[in-house]
Structure formats: structure tokens, C-alpha cells
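**Student:** Here you go, one structure.
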Number of protein chains: 4
Amino acid sequence: MIYMGSPIIIDKLLYQPKNSLIKQSIHAKEIEEPLNGDGFGMGWYVPVVNNEPAVFISVNPAWSNRNLRNLAPKISTECFLAHVRSATVGDVSESNCHPFRYKNLLMMHNGGVENFGLIKRKLREPLSDELYNWIKGQTDSEHIFAYLLNELFTHHKAISEEAVIDAFERTFRALKKLMADNGIKEEAYFNIVVTNGLFFIGTRYVTDPEKDALTLYHSEGSRYVVEDGITKLFAPEDGDNAVLVVSEKLTDDKDWTLIPKNHFVIVNKGLNVKVRPIKA
Amino acid sequence: MIYMGSPIIIDKLLYQPKNSLIKQSIHAKEIEEPLNGDGFGMGWYVPVVNNEPAVFISVNPAWSNRNLRNLAPKISTECFLAHVRSATVGDVSESNCHPFRYKNLLMMHNGGVENFGLIKRKLREPLSDELYNWIKGQTDSEHIFAYLLNELFTHHKAISEEAVIDAFERTFRALKKLMADNGIKEEAYFNIVVTNGLFFIGTRYVTDPEKDALTLYHSEGSRYVVEDGITKLFAPEDGDNAVLVVSEKLTDDKDWTLIPKNHFVIVNKGLNVKVRPIKA
Amino acid sequence: MIYMGSPIIIDKLLYQPKNSLIKQSIHAKEIEEPLNGDGFGMGWYVPVVNNEPAVFISVNPAWSNRNLRNLAPKISTECFLAHVRSATVGDVSESNCHPFRYKNLLMMHNGGVENFGLIKRKLREPLSDELYNWIKGQTDSEHIFAYLLNELFTHHKAISEEAVIDAFERTFRALKKLMADNGIKEEAYFNIVVTNGLFFIGTRYVTDPEKDALTLYHSEGSRYVVEDGITKLFAPEDGDNAVLVVSEKLTDDKDWTLIPKNHFVIVNKGLNVKVRPIKA
Amino acid sequence: MIYMGSPIIIDKLLYQPKNSLIKQSIHAKEIEEPLNGDGFGMGWYVPVVNNEPAVFISVNPAWSNRNLRNLAPKISTECFLAHVRSATVGDVSESNCHPFRYKNLLMMHNGGVENFGLIKRKLREPLSDELYNWIKGQTDSEHIFAYLLNELFTHHKAISEEAVIDAFERTFRALKKLMADNGIKEEAYFNIVVTNGLFFIGTRYVTDPEKDALTLYHSEGSRYVVEDGITKLFAPEDGDNAVLVVSEKLTDDKDWTLIPKNHFVIVNKGLNVKVRPIKA
């Protein structure tokens, strides 16, 4: 889940919605494995302090984390993202928890590459020494982020929306090639979001165009408020807007839009939501 | 789950059965709340060392506990018990994890008392100073164990099967009276086991005789072996026997027997299994 | 350590001072046992959200806590307190970590009562049911806080500075009597702070007037800023003031004042610092 | 610390000695940084079960680990090793805790390479895919073990004392060359032990022969018993022998022998202790 919009107390996003991320950590509804009990992480930006995001991570399940329960009602932010993990590649350890942070950038990933070990080594090879040594854990996700950062810094001078989009497309092409060259036939799923706190780029991608991608929704131009104890989405008022992109709908409201398969969703502080195809 | 019998590697009990306790920690089949992700504990006896049991406890979910995975294949014991917790009363903390140990005795509990706070204080009042201060956590379970120990030491000079049975009946009577006196109308569930490593007493008890008790099974006089990667129960051979008492069947075999409601199950090193009514 | 003053990024208090609390968690200078590695806790007020404080607690050592390192540079507050623990009474568990919170009040304690088990039970007896059941852990500190709250709510209608002071004096008198009645001859140390975010009351107290109390300092009417990577205390400027009360000096500056033995230190949002004798 | 000898309850090694490893985790005496509070790990062999060692690891300090306290008095073994960590390279995470295990082999390391990031990538390059992907953490230690295993499996068909010695020498030569080629001028310290439960090879090595190596002692041919609550070393009796190799003396006894700098210590089940120069 990623939120961008008017300042919000993160408790409203994490605990109050009917199908909140915390509830998803116990009973996810739209995926096969309903339990995401192998860790939790969140990141948020506090621009009055500086442009580096705060990150809070837990290898314990989100639903019983006392610090998280205590912090959520006290943190207000304009850009927030959170992730619950069901371990596939990599141990249950802090190094493997999303979001991953590199300086002022955050990344998180839902999906994965089967038999990632077959391409891990080759994916690391082109990395700069700095990014090579920056990797701390074992996940495909963190390695993909490192590769994407390497493409970003190699081919672009500044971090713009277009630069991140280009780095994504280069990364997906490279991953597909590496998978093909190393005998990975299963499709891979890349629902990924990268943000610098000022804009975010999300992807809903599957390497095999015949297969369905994992779900990814956005809710555009609406207010996100709590009424009668339930978080609801409302039509926007002046100066009080928000965009949410989520893997699972947080509420039963109808204004969730499925992002088309193999498309980007691009959102900035102006809360303009753009959707466009991924060329990879 | 409690096992008594020929020495067994605990991995065979924890991980290998089709519906093992570890799998139950993710997907329990016979109870309403299918997730027991709020901690794990196990105890076992190593009589060649001494008569105090070893205890291993984790506030993390059992399914991702690396130490547990590593220890299970190395520990061999004749008396083993294990518990997965779905927190009802009390935080997710080590002090609230079962089994509870007092000297050479272990206790664990499946069930609970609604609104336990209404009787907690009165339950503590008769305790000896030593037992009063021995309590470390917040659970109804630990308090019930302390009360039972107090009855045991007050009315009996030695820890025998009959003494423990008497202490159980006194405890259940006291609990029912306290509940009635303090306006707790909901039935309470006491599937409890107490052991000293030489015998164990289990209860399948509900305070309201109109209601069903939580399930509790035993499998008597059979061998417990692994074949084709699956743990199965076999007819006993000479000198290779075991008794298991469990909240949920570990296998699909037919030789699990439901213990009658409001009955004790009594098992000793000779592996005689007795079932008799609880007078409370 | 407790801070009240102009909004401050807590990183400046926790990590940057020469003898910061985090460094104290490894090498405390002014006490016998130099290691405080048995847990960490902090609380702070975010009045723009509500008057209940946030609490963050860790049973791991403060010095290696990744979440703490990440959160500290992002939290700005006008009232902050933090505590490192060297376990004396009570296990290393979350329930035993300071600060303790009751609604909008926080309390933390440096010191303790020898053989606390001898009076624990009697200290609980007068508590209201609510406070009795509110206690979660095993420490003398949490029990003393419950007793103080009980005195506060029994004898006062509102939480004022005078009410808290009176509750402190009643509590210390009760503790001294209980200790005397139950054969505890060793002196007890009560360096305690209680706050509601609007004012705080600290005590530097030892039950035996012949003995020295644990150290407690305040630094009054100065600014607290970072210069050349080192946090320093400066003479106040208009509208930029702060008061710090600490068990150990955070810096080598000379403007730390030792609070007299068996005295209160009383500080409110106006940053007036009053010191007065404890009548107990 | 590594122990090989008659079966011993590991509590006798971990907790009872005057300067036990657990005490060293708080106050190490012979090194600069006296605190080893960044994790603990131990491994032991249970040959009656199989030849793979058990491993128990904790990111919490050893001194307050309740499971460790409970397990230590119940585990009896003929080959035991334990390690306390003061984090230098790598986060405080389970993946970075010693001992590292590869199948039936265990390795632990005291020491390190300054600026390890400068050679990490090159050290990984020659690894087989399997060993490349086997690495889970960030430490120099785990990478060195992977390199040593790669040398072992490349140049030897079986795991013998001579094969391990050869792999050590190849590894140290490679490390020295990589360091020289990449501008690492600081000496590196490699006090390492590798064992398969049947023999162990320890090294006391520093890359710069002008510098002192970290301490490493052995105590040969003596019994290791507890008397008057203190663990002491005694002259051997028939069939009751043991060898200990440690970074710090566990007792004040005089029969600790410093292993010469840049030498191997080689010990097998027969408890013959050989010391010979490292050719690297």
C-alpha cells in the first residue's frame, strides 16, 4: 500500500479500514496464501525534517506488534507506504523486510521470481561496487531494486518520473532476458513501487503476457476519512485529496480501479494519476 | 500436544505429521480462529540430567522460528509437550507463553475464562507468598496453574496422580464459584495438562455442562513412526509404545479417540491410559 | 532522561550528546554496573494528535536497535522521556520496560527496592480493581506507579502538580512503612519521574537519610543545540528554551545542577523549575 | 570457544566458569571493546541422531536469553562450540551470527578484515553457484567460510584434517593477495575454527607478521569439572578427557597454553593436540 495526499495519521490507513493491511497480515483475501505473518515494514516522509524517509520494520507479525500499534496514531505524513510479508525467497530477518531504502528512495515489491538463485549472481554482476555492497539480504526484491538503481544512476543524471520509468523498463527487460537465458520458465510477478516522497511509480507486471498479474488498485481523487469507525473514501474537497495504490482493496467502496496489466501507475504531489503501458 | 513413550526425536512430532503442531500454528482445522501465531512453547524431560524439564519459548510464530527448526531434529525425549498460542488474555510476551514451569512440573492450557479480570484478584488471594510472587505474566492459564499448585501443596504431601487429580477438582470448583460470584456467565474452557515427566493428567472440561468442550484426543498403545515421509500410528510392538494427547488430530488415522467431556485422561510411564470423570 | 521545551528532534537527545543515553546503555559512567543492555523505552507527546503519549519499547539493547536509529531523526516533540534498563527485578520482557503508561501519564524509575517480593502483595492490596488488573509486568517500578495512581485518584479530583506531589509523598510513606513492617532493611532508591506532557514531577529520593541518593541533575533555562557535531547547552534565547532532567550528565558542560537529596524537581510548560523537599 | 572430549553438559562451559563465555559477553577481559552484546550462537553435535550439528542463535545478548539459560543444563555433547559477537561488519541479525553451518561443518571467526567491502565482490567471484547462493548475511566471516569451502571441494575429494588445512592455507593466501591488490593495508585477524564434529582445525593468524595476533589458548589433556561451584581443569583420568580452545581463558588455572602466532591447532576425537605453522 502506498498513500500520497493530504497529511494523514497512519493509524487511519493501517488499522481502521475494514480490510486494512494489518488485517490482511492475518487474512489476505485476494491471494492464495492468506497469511502474511513473516514481517512488516513501513516507510514515510517527514519533509520538515529532511528528505530521507523514516523506516520501521518488524520480523514479528504486524498484528501483535506493540510498538507499531503505539506509533501509528502519532505519525502524520503526506507520503506513506507499508508492506506485509509472506516469506518466499529469503529468511525471516530484518534485512529481508520491505520497504528497502536507498538514500531518499523507498521500494517495495509484491511478487517474485521462481528459482531466483539461478539469476542472482548475474543480476549482481553489472552493479557498481557501492550498490553491490549495499545489498544486505537475500531477497529477489532487494536485488531487483539494486539493479534498477544501477540503471537509474548509469543512464540518468537526475531522479525524475521519466528516469525511474526508463530504469524500470530496462530492469524488466534485463530480468526477462536473464530468466530466459537461465532456464526459468515460470512467469515472474513484479508489482513494485518506487518513491522519493515527491512522486511514486508503481508497476503491475507479469513476465508472461498470457498470465494474469497480481492485483493492484488505485483510488483516485478522493478523500480518505473515517466515519462511524470505518475508513471510507469520499469525493474530493478542495485541498484535501489523496491517492492510494494497494494490492488489495482496503474497503468495500466501488471507487477502486484495477490498474491494467503490464502498466505503470504514476502519481505525484499534485495527485495527478497517470496510467501507461510498460514497454518491456 | 503431549507425548509420553519410547524416546522420540521431537521433529517427528512437531514437523513431520500431516497436521503437525507447526502446521496448526498457521492453519488450525478444528477451532474458529485458524491462526495460532502469537507464540510457541515446548517442554521436555531429560531424566539422565535431572528431573527438571527444559523449556523453549518463542514469541515469534512457530513456523518461522529458525532455532526451533534446528533444535527439533536433535532432541530425543520420553516426555514432550508443545503449545501454540493465539493470544486471548495477556500480551504477546515470553511471560505469557505456555508451558508454564514450576520446579519439575509443567502445565499448559487450551481454553480460557471470559472477563478473567473480574476474578484474577480473588484467585490470587489464597496463594502462598511464594506462588503469588512466582506468577510472571497476565494469563488466566498461569494464574490457574498457581492456584492448582497451591491446592496441591496445601492438601497433599507428595505429588501423586491422585493428588494432582484432587487439586484439579478443587481448582475447577473454586473457579466455578468465583465466576458465579462475580457475574461471569459465559462458560469457561479448561483443556489443561499437568505433568512431572513421570505421569501426566489431562482435562477436557467446560464449566457449563450444556456446552461442548474443546476437542481433546488420545491415541493409545500405538507406535508413532514415520513412513514414506508421513508420521503414522502403528500397533504397538514390545517395548516401543507411546501415548499422545492432542487438541487436534495430527494424522488422518482412525485410532484417535475423543476423550469424553468433563473427564480426566491419566497416563503414566507404563503407558496405561485411564479416563475418568471430573468431579467438579 | 526527560526533556521539556521547544520542539526538538529526539535524535539530538538520544544519539548526538557526548554521553548520550544510547552511549550510557553501553558505558554508564556514574553507576556501579556500567551496562544497561536489558531494554530501552521512550515516550513522547504529540499534542497536535491527542494528549496520549506515544511509547516505543525494545527488549534488545538500545545501541543496536535499527528502528530506534531510524525513528529518532524523524520525531519532533516538546516533551520526551527515555530510559535504559539494567534488569534488577523482573525478566527482560516488554512488560517490564519503562516508561510505563497509564492513559495520558508516563512514569519511569531509576532505583529499586531490595527483596521487593516481600511487599509486592501488600502493595497491590489497596489498588482499585482497574489498577490491579492494569499491572502487566513484574517490576517494583510498575507496582509503585500503580500505587501512586491509586493515591492520586483516591485523594484528588484532577491531575495537578500539587496532586501528583501529594500522591508521591503518600506513596513513599506507604513504601517505607511496608518495608519496615516486612523486614526490608536495605535502603530503597526512588528516582522517579511522572508526567502528563504538560508538567513533570521528578524525585531524587533514598529511604535512608544517611545514605546517598542516586544522581539526578537538571539543566535549567538553557537552549539545547548541536554544534560541530556535539550537543551543547546554551544560554536561552527568546522563545527557545528547554529543561532537561537526567540521571547522568549528557555533556561536560558546567550548567548541570545536582538536585538535592530527597527533593522534588517540578517543571511545567512555562519551563519554570522548582525544587522542594519531599515530605515522606 | 570449542570443546571436544567426554560428554559434557554445556551449562558447565557456558555459565559456570569464572570467566565464562556468558560473562565475557558482558565484560571481555583481553580485548579492547569489552562488550559482546550483539548476538550469540552455539553449535553442537549429536552423533546418535545424525552427523549434522544443531545450531542455536540469538540476536539478543547472551546474558539475558531465557531459552539459552534453559537449554544449557539439558544438552550433553562431545563437541560444542560457542561464539559471542561484537558487531563489526554486518548488522545485528540472525544471518550474521556465528557459528555458520554448511551441511555437517561449522565455522566461527574472531577477528576481521578492515574495509571488507573492497574485496567482498572479488571473494565471491570464484565461488560455485551453490556456495554463492548459500551466503545469507553480510559478514566477512561467512564469506571467508564460503571461500574456504570452495577451495576444499575444488581441491579435495574428502574432508580430512589435511584437506581442511590446505583449504585454510589457500584461503589465507587468497585473502592476502586480494587485500594487497585492493589497497587494504591494515592487518587482518583470522582466529577461525572449522569442525565436522570429529576433528577441528583452529587458526591463530594475523596477515602482518609484525603485528600480534588475537589471543587463542588451548588446554590439553585435562578433565574439565565443576568443584565448589567453580569449573576447574584437572589432570586427565582414563577415558575422561577433553580439549578446549578459547579466545579468552575461562579460568585462572595455569594450564592454558597460548597457541603460537600464525599456527594451526588440530584436535581430533582421540584428543591428540597438534600445533603447526600456517603456510600462507
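The values are calculated or read from the model by the stated rules, or taken from the named source; none is laboratory data. Keep in mind that what you see is a predicted model, and the values were worked out from it rather than measured. Positions of Cβ are generated from backbone atoms using ideal geometry, with glycine treated the same way; all protein chains shown enter the neighbour counts.
**Student:** Out of all the residues in the stretch B:117-130, which are touching a residue at least 24 places away in the same chain (Cβ under 8 Å) and either surrounded by fewer than 17 Cβ atoms within 10 Å (Cβ to Cβ) or within 14 Å of chain A (Cβ to nearest Cβ) (or both)? Steps first, please.
**Tutor:** We begin by selecting, within the stretch B:117-130, every residue touching a residue at least 24 places away in the same chain (Cβ under 8 Å); these are B:118-119, B:122-123, B:126, B:128.
Listed by number, the residues that qualify are B:K122, B:P126, B:S128.
**Student:** If you don't mind, there's one more thing I want to ask. Would you be able to say whether some residue in the stretch A:65-80 is more than 10 Å from chain C (Cβ to nearest Cβ), buried (at least 23 other Cβ atoms within 10 Å of the Cβ) and farther than 17 Å from D:N133 by Cα?
**Tutor:** There is at least one residue in the stretch A:65-80 that is more than 10 Å from chain C (Cβ to nearest Cβ), buried (at least 23 other Cβ atoms within 10 Å of the Cβ) and farther than 17 Å from D:N133 by Cα.
**Student:** With the structure loaded, tell me whether C:L81 is at pLDDT below 90 and not basic (K, R) or whether it fails that test.
**Tutor:** So C:L81 does not fit the description; no.
**Student:** Also, I was wondering about something else. Residues that are closer than 22 Å to A:G39 by Cα: find the helices (runs of 4 or more DSSP H) completely inside the stretch B:60-155 holding 2 or more of those. Outline the logic, then answer.
**Tutor:** Numbers: elements: B:66-71, B:117-124, B:129-134, B:140-155.
So the answer is B:66-71.
**Student:** Given the conditions (1) without any contact (Cβ under 8 Å) to a residue 12 or more places away in the chain; (2) within 11 Å of chain C (Cβ to nearest Cβ), report the number of the one that A:N133 does not fulfil.
**Tutor:** With (1) without any contact (Cβ under 8 Å) to a residue 12 or more places away in the chain; (2) within 11 Å of chain C (Cβ to nearest Cβ) applied to A:N133, the lone miss is (2).
**Student:** For the stretch A:27-59, name all the residues that are part of a loop (DSSP other than H, G, I, E, B) and modelled with pLDDT of 85 or more.
**Tutor:** Hits for the stretch A:27-59 are A:Y45, A:V46, A:P47, A:N50, A:N51, A:E52, A:P53.
**Student:** In addition: Consider only pairs whose beta carbons are under 7 Å apart and that are at least six residues apart or on different chains; among these, list those whose first residue lies in the stretch A:94-113 and is more than 9 Å from A:F145 (Cα to Cα) and whose second residue is assigned to a loop (DSSP other than H, G, I, E, B) and β-branched (V, I, T).
**Tutor:** The qualifying pairs are A:E94/A:V59; A:N96/A:T139; A:C97/A:V59; A:G112/A:T88; A:G112/A:V89; A:V113/A:I184.
**Student:** Here is a list of conditions, (1) surrounded by fewer than 17 Cβ atoms within 10 Å (Cβ to Cβ); (2) under 28 Å from B:L271 (Cβ atoms); (3) modelled with pLDDT under 95, and B:E114 meets all of them except one; can you say which number that is?
**Tutor:** Failing condition for B:E114: (2).
**Student:** Same structure again: Just one of (1) buried (at least 24 other Cβ atoms within 10 Å of the Cβ); (2) closer than 28 Å to C:S58 by Cβ trips up D:S58, so point out which.
**Tutor:** Failing condition for D:S58: (1).
**Student:** Is it the case that the stretch C:94-101 has a residue that's surrounded by fewer than 19 Cβ atoms within 10 Å (Cβ to Cβ) and modelled with pLDDT under 95?
**Tutor:** no
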